[in-house]
Amino acid sequence: MIDSKEKSELIAVALEMADAAASSILPYFRKPALAADNKDASGFDPVTEADRAAERAMREVLARLRPQDAILGEEYGNKPGDSGLTWVLDPIDGTRGFISGTPTWGTLIALSDATGPLMGVIDQPYIGERFIGGFGTAEVRGPHGTQTLATKRNGELSEAILFTTFPEVGTPNEAACFRRVAQEVKLTRYGMDCYAYGLLAAGQVDLVIEAGLQPYDIQAPIAVIQAAGGVVTDWQGKPAHNGGQCLATATPEIHAKALAILNA
């Protein structure tokens, strides 16, 4: 059982990690000499020294402040722990956007137990926005100061704004399912990476549908969106924290309508 004092301490640790990651990443952003390695022999899955440096910086924070906790990170894998808690880290979610110069990438930090994410941070340091959710906190800190996160209360799919990252949306079958939903909404936008989930939590958009995710892609967004009053599941209505497919919505009504179309 995590008491209120430890919850505050854990949020502080997450924010210190976000600061450390930002300091490691920003010197590389929009630099012409930045090189990207490809992790996918059959496609393009880039990784940069900024990704690696940011994860190392976050792990250094944890080694100092929470050595008892486990870590699952995109770049450096698993580190076991004995506390029952795991930090799930994606140093740069949206590396394709990062190497393209768009400010839609972010650092994802989640704290999870065996049931799923308890708390999460979506941090976009270049534009200075940080979305925090969990342990009784639901806020965004940015150019407009600190504001409470709350998802939109729209229940009409015909009035909804939909985001996804890749137009292909996974497999051809998954793409066909996505297109059925896209035909019913007011507006569909692409390529926002984790920033789309922040916008959902902030009440700007209504749903995000994705496929082919890893746990470190989605655990922080789950915590932030749920803290803001939204709903996040896979395409069958089950927990999404292990990755794969994700349906994140502002309201239960939008969720139910989109889920029915995905499975039609």
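The values are calculated or read from the model by the stated rules, or taken from the named source; none is laboratory data. From a predicted model like this one, the values you see are computed outputs, not experimental measurements. With ideal geometry, Cβ positions are generated from the backbone for all residues, glycine too; neighbour counts draw on all protein chains shown.
Pairing residues of the range 203-219 that are in contact (Cβ under 8 Å) with a residue 60 or more places away in the chain with residues that are among the acidic types (D, E) and crowded, with 24+ Cβ neighbours inside 10 Å, at Cβ distances under 6 Å and at least 6 apart in sequence or on separate chains, gives Y216/D90. With A196, A175, A220 as the choices, which residue is small (G, A, S), touching a Phe, Trp or Tyr at 6+ places or on another chain (Cβ under 6 Å) and within 25 Å of T102 (Cα to Cα)? None of the others qualify; the one that does is A196. Taken as a whole, the range 132-147 holds no residue that is in contact with a Lys or Arg (Cβ under 9 Å, 6 or more places away or on another chain), buried (at least 24 other Cβ atoms within 10 Å of the Cβ), assigned by TED's automatic domain parsing to the domain that holds E74 and acidic (D, E).
Output yes when any residue across the range 174-187 is within 16 Å of A227 (Cβ to Cβ), touching a Ser or Thr at 6+ places or on another chain (Cβ under 7 Å) and either aliphatic (A, V, I, L, M) or at pLDDT below 95 (or both), and no when none is.
Step one: filter the range 174-187 for residues within 16 Å of A227 (Cβ to Cβ), giving none.
No, the range 174-187 has no match at all.
Please tell me if G133 is closer than 16 Å to L10 by Cβ and in a loop (DSSP other than H, G, I, E, B). Considered against the rule, which asks whether it is closer than 16 Å to L10 by Cβ and in a loop (DSSP other than H, G, I, E, B), G133 comes out as no.
Hey, among A21, A36, which residue is in contact with a strand residue (DSSP E or B) (Cβ under 6 Å, 6 or more places away or on another chain), under 21 Å from I99 (Cβ atoms), surrounded by 12 or more Cβ atoms within 10 Å (Cβ to Cβ) and modelled with pLDDT under 90? So that I can check it myself, show each step before the final result.
Values: A21 fails: modelled with pLDDT under 90.
Criteria check complete, one pass: A36.
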